[in-house]
Amino acid sequence: MKHIIDPYLPEHAVDSVFEMIKHYGVHLKIVNERVTRHGDYRRDANGYHQITVNSSLNKYRFLITLVHEIAHLAAFEKFGRNIKPHGEEWKATFQRLMVPYIRPEIFPPQLLPLLARHFRNPKASSDTDATLSIALKQFDEKSDKNYIFEIPYGSHFRIYNGKIFRKGAQRVKRFECMEVSTGRVYLFNPNAEVELLPH
């Protein structure tokens with residue numbers, strides 16, 4: 001198993017992550033990219049723990065995602081299955097499991113203060129922390145996608161499901177964008193990845 005996870009993780013995290021996987025009895029599946037999520041955790045009827053993580057994630061996001069999902073398993077085991085999936089028990093568990101990795105041997109120095117801030121009160125997804133998400137993105141392979149905040153006001157863009165929008169004004173943190181076919185307005189986080197369309 002260690003040789004399977006090795007290419008997906010920062011070098012100095014591999015041994016301890018492997019021990020965590022063994023400790024919690026995780027069956028880890030590395031899967032093709034899913035647009036709507038980076039990973040997930042499921043326990044089947046036989047009590048079998050399965051975690052899936054997208055293979056397309058960079059090493060730092062892969063580590064955060066894997067520990068995020070193991071934290072679900074650990075929180076359910078400690079506090080019972082009636083807790084909220086991203087409630088206080090999960091947050092405390094995620095912090096406890098993740099903090100030992102927030103060090104310069106594992107993460108680049110520019111990510112460390114952002115991670116320290118994020119893990120004071122971790123969110124259900126690191127993508128909702130726009131600053132951290134954008135900082136993590138610089139370690140991805142290059143793509144033809146743009147962030148909403150990068151594209152010009154009034155420009156048209158396509159999202160993963162093929163729907164086309166026109167970018168509008170920024171409202172506090174998020175951008176109002178109108179779906180071209182229906183005229184309905186939706187709010188987009190600044191770090192939403194979209195495909196900019198030619199005029």
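What follows is calculated from the coordinates using simple rules that are stated; it is not laboratory data. Computed from a prediction, not measured in an experiment: that's the story for all the values here. Heads up, the Cβs are rebuilt from the backbone with ideal geometry, glycines too, and the neighbour counts pull from every protein chain shown.
If both residues of a DSSP beta bridge must be in the stretch 2-137, then about 50% of such bridges are antiparallel.
Bridge orientation summary for the stretch 26-66: considering DSSP beta bridges with both residues in this region, about 50 percent are antiparallel. Each Lys and Arg adds +1 at its Cβ and each Asp and Glu adds -1 at its Cβ; summed about the Cα centre, the stretch 151-199 shows a dipole of about 140 debye.
Treating each Cα of the chain as an identical point scatterer and summing with the Debye formula, the log10 of I(q)/I(0) at q = 0.08, 0.16 Å⁻¹ comes to -0.31, -1.08.
Counting Lys and Arg as +1 and Asp and Glu as -1, what is the net charge of the other residues whose Cβ lies under 11 Å from the Cβ of His27?
Net of charged neighbours comes to +2.
The distance separating the Cα centre of the stretch 1-50 from that of the stretch 100-169 comes to 22 Å.
Separation of the alpha carbons by more than 23 angstrom is noted, of Lys59/Lys163; Lys22/Lys84; Lys2/Lys59; Lys22/Lys137, for Lys59/Lys163; Lys22/Lys84; Lys22/Lys137. Couplings 3J(HN,Hα) of the stretch 89-94, computed from phi: 5, 5, 4, 5, 5, 4 Hz, in residue order, whole Hz [Karplus 6.51 cos²θ - 1.76 cosθ + 1.60, θ = phi - 60°; x for Gly and Pro].
Summary value for the chain: 14 percent relative contact order, contacts being C-alpha pairs under 8 angstrom separated by 6+ residues.
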